[in-house]
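Engineer: First the structure, then my questions, so here it is.
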Amino acid sequence: MSEQDGVIVVGAGLSGLATALGLAVRGTDVTVFEAGELLGGAAAYSGGQVWCGANHVAVRQGIEGDTLELAERYVRAIAHSHPEVLDEQALRRWLEVSPDAVRYWEDVGAIRWAVIPGLADYHDEADGAFHEGRYLTNEPIDADVLGEWRDKLRVSPYFPVGTTYAEMFVKGRRLTNVDEDFAGEQAGVQAFGLPTRPGGEAAVPDRLTFGTGVVASFLARVLREPGIRLHLEHRVTELLTDEEGAVVGVRAESPTGPVEARGPVVLATSTYDWDPELVQELVGLGPDDFGSVAPRTIRGDGIRLARSVGGAIAQLPATAIPMLPGWPTETGVGYAYGPDYAMPHSMIVDRTGRRYCDDSFWVDIVEKTMDPDDRHLPFFLVLDEQHHAKYGLGGTPPGGEYPAGLVTSAPTLQELGEALGIDGDQLAATAADFSENARKGIDPDFGRGTKEFVRRFAGDPANEPNAVLGPVEQAPFHGLRLRFVGTAIGTSGVRIDGDGRVLDEEEQRVAGLYAVGSCAALTTVGTGYNSGIALGRGLTLAYLVSSELSGSPVD
């Protein structure tokens, strides 16, 4: 490669592609190194939710009343625990710049935004929460605009790509996933009728939505910029520095051998899900309790690269990590998840046979299960035959046969408990109490069914009187030990300032090095997470970093 290769972006997920685009449209050359064979990273596997307070898209669609003040009050309300990990400057910078960034990406043709209809903030009871308008995603995009790069795009195995949110909400996420187009398994969940490519990745459908669609929108615009050079299967293994310690380039492994590139470096590698050592260090879980539904290229490269040149790592409490209850599979990346645990006729218990959280809401599940003073590991999903018949599980359609060795079944809850290593008598008592209230649509113990977001995003809209509550009472009964599965939003990561500049242990800049997306620690919001914040912050950082590196810093 040339002696000076412009700016080097490490990773071609959403934040990396956006950073490259922001640089190129301002006249800066960009070299993008992606470790995998495909583009899109973890964002392409996601639901494609981009959270932004007081955005112009909501106003355009007639949703008024949101303000930056309300958005700030909301984030502060949900980030009240562990205030020491919240970066005040970064919080204000993100909230204030995010609406401009969202508008900018639309103005330069990277995406056509749409509001996800009727989706409220996670914590609708919190000060500053808003009922609709803060979650954005893409208007559906035709895959043909990607040309020869179409087959280089990751496709989510966890969402029905091609379907819009409005269409999905009619049946609910789970039943949309297993409708008449069900055609087998992909990564342990539905392939949504799509054929697979060599290696097991789902083929790219004609209509792109969810995270796949958001990434495709940006990729289509990136491909129109001659100043962007995309290199797949180029894993960056080393940062190059000068005599004063400033980062001046990278060394990467490519299919043809080692290559080097020179220029400032932006880390956009996502988090650490597939590095067991970093998972143990930053989450405190071993392989029996942790897996991931992210691409296997998400393995902590950015963290290790930053550390190698003196970059600091900020560690946030494990109780605030966006992890989900999941289970191992023999397909795809090796783990699966879905709204199954939040559907009616299910509950989560620990080894004592007792419930201990709102087991439809991952935030409460993580916080309570991972509580360092009262851990509830291992934890188990318990289902009755109604759940099996109506919803199935992961890649198993309604009424289908569960994968061998995954689910334990028994004619009584007492026998199920004994088989799983749970107190069977207590399990039966727990189910009886839970079922009595579930029939009324209430959960006085832990508040399951009170979150509007969960009812709409994860529940069964046809189930009355509550979309996520149903008795666990019909034999046979089924259960499995759960794992926490990462979604490539690790919260802990490279320490940055509010503009994406990597900092050392003394909070001084590491010259020439930036980080965007989920490889950067979420000190921006501390312990207060809401779906869409990771992608929203990532796109804001991409806007800020690309502006600074192209000589037009944002005031």
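The values are calculated or read from the model by the stated rules, or taken from the named source; none is laboratory data. Keep in mind that this is a model prediction, so the values were computed, not measured. Methodologically, a virtual Cβ is constructed for each residue, glycine included, from the backbone with ideal geometry; neighbour enumeration extends over all protein chains shown. Side chains included, ligands, DNA and RNA excluded: accessible areas come from the protein's heavy atoms. Shrake-Rupley method; radii C 1.70, N 1.55, O 1.52, S 1.80 Å.
Engineer: Please give the net charge around A467, taking every other residue with its beta carbon less than 15 angstrom from that of A467, where Lys and Arg add +1 and Asp and Glu add -1.
Structural biologist: Details: positive: K171, R173, R174, K390, R439, K440, R448, K451, R455, R456; negative: D124, D340, D358, D359, D443, E452, D460, E464.
Residues close to A467 contribute a combined charge of +2.
Engineer: I'd like the orientation of helix 424-438 relative to the chain: the angle between its Cα long axis and the longest Cα principal axis, in ° from 0 to 90, rounded to 10.
Structural biologist: Tilt relative to the chain: about 80 degrees.
Engineer: What is the dipole size for the chain, taken about its Cα centre, with +1 at each Lys and Arg Cβ and -1 at each Asp and Glu Cβ, in debye to the nearest 20? Could you put the intermediate results ahead of the total?
Structural biologist: Details: 45 positive and 81 negative charges, 182 e Å.
Taking the Cα centre of the chain as origin, the dipole is about 880 debye.
Engineer: Name the shape class, rounded, prolate or oblate, that the alpha-carbon gyration tensor gives for the stretch 1-65, where a ≥ b ≥ c are the square roots of its eigenvalues, rounded holds for a/c under 1.5, and otherwise prolate holds if a/b is larger than b/c and oblate otherwise.
Structural biologist: Details: a/c = 4.62, a/b = 1.80, b/c = 2.56.
Oblate, because a/c is 1.5 or more while a/b does not exceed b/c.
Engineer: Kindly provide the pair-distance distribution of the stretch 242-375 built from C-alpha pairs, with 10 Å bins from 0 and whole-percent values in order of increasing distance.
Structural biologist: 10, 32, 29, 17, 9, 3, 0
Engineer: Let me ask something else. Which value, in debye to the nearest 20, gives the size of the charge dipole of the stretch 13-97 about its Cα centre, when Lys and Arg are +1 and Asp and Glu are -1 at the Cβ? Working shown, then result.
Structural biologist: Numbers: 6 positive and 11 negative charges, 33 e Å.
Charge dipole of the stretch 13-97: 160 debye, to the nearest 20.
Engineer: Stick to Cα atoms and the Kirkwood definition of Rh, then tell me Rg/Rh for the chain. Before the final figure, lay out each step's value.
Structural biologist: Details: Rg = 22.7 Å, Rh = 23.6 Å.
For the chain, the value is 0.96.
Engineer: Add +1 for every Lys or Arg and -1 for every Asp or Glu among the other residues with Cβ under 9 Å from the Cβ of P476, and state the total. Could the numbers behind the result be given before it?
Structural biologist: On the way: positive: none; negative: D384, E385.
Counting the neighbours of P476, the net charge comes to -2.
Engineer: I'd like to compare 257-264, 160-167, 237-244, 293-300: which one has the highest average count of other Cβ atoms within 10 Å, and what's the full order after that?
Structural biologist: Numbers: 257-264: 16.9, 160-167: 19.8, 237-244: 14.1, 293-300: 24.2.
Ranking, from highest mean packing down: 293-300, 160-167, 257-264, 237-244.
Engineer: Would you work out if the stretch 377-452 is rounded, prolate or oblate? Take a ≥ b ≥ c from the square roots of the eigenvalues of the alpha-carbon gyration tensor; rounded if a/c is under 1.5, else prolate when a/b is larger than b/c, oblate otherwise.
Structural biologist: On the way: a/c = 1.88, a/b = 1.21, b/c = 1.55.
Oblate shape, in that a/c is at least 1.5 and b/c is the bigger or equal ratio.
Engineer: Same structure, new question: Taking just the C-alpha trace of the stretch 391-499, give me its Rg and Dmax in Å.
Structural biologist: When restricted to Cα atoms, the stretch 391-499 yields Rg and Dmax of 17.7, 58 Å.
Engineer: Sticking with this structure for a sec: How large is the Rg to Rh ratio of the stretch 311-453 when both quantities use alpha carbon positions and Rh follows Kirkwood? Before the final figure, lay out the partial values.
Structural biologist: Values: Rg = 15.8 Å, Rh = 16.2 Å.
Reported Rg/Rh, Kirkwood definition of Rh: 0.97.
Engineer: Moving on to the next point. Do the alpha carbons of any pairs in K152/K451; K390/K451; K152/K368 sit beyond 29 Å of each other, and which pairs?
Structural biologist: Working: K152/K451 38 Å; K390/K451 22 Å; K152/K368 40 Å.
Violating the 29 Å limit, Cα to Cα: K152/K451; K152/K368.
Engineer: Over the chain, what percent of the accessible surface lies on carbon and sulfur atoms, probe 1.4 Å? Don't skip to the answer; put the middle values down first.
Structural biologist: On the way: 9080 of 19550 Å².
Roughly 46 percent of what the probe reaches on the chain is carbon or sulfur.
Engineer: Just to be sure I understand: of the beta bridges DSSP finds with both ends in the chain, what percent are antiparallel, rounded to 5?
Structural biologist: Details: 48 of 69 bridges.
Antiparallel: roughly 70 percent of the beta bridges in the chain.
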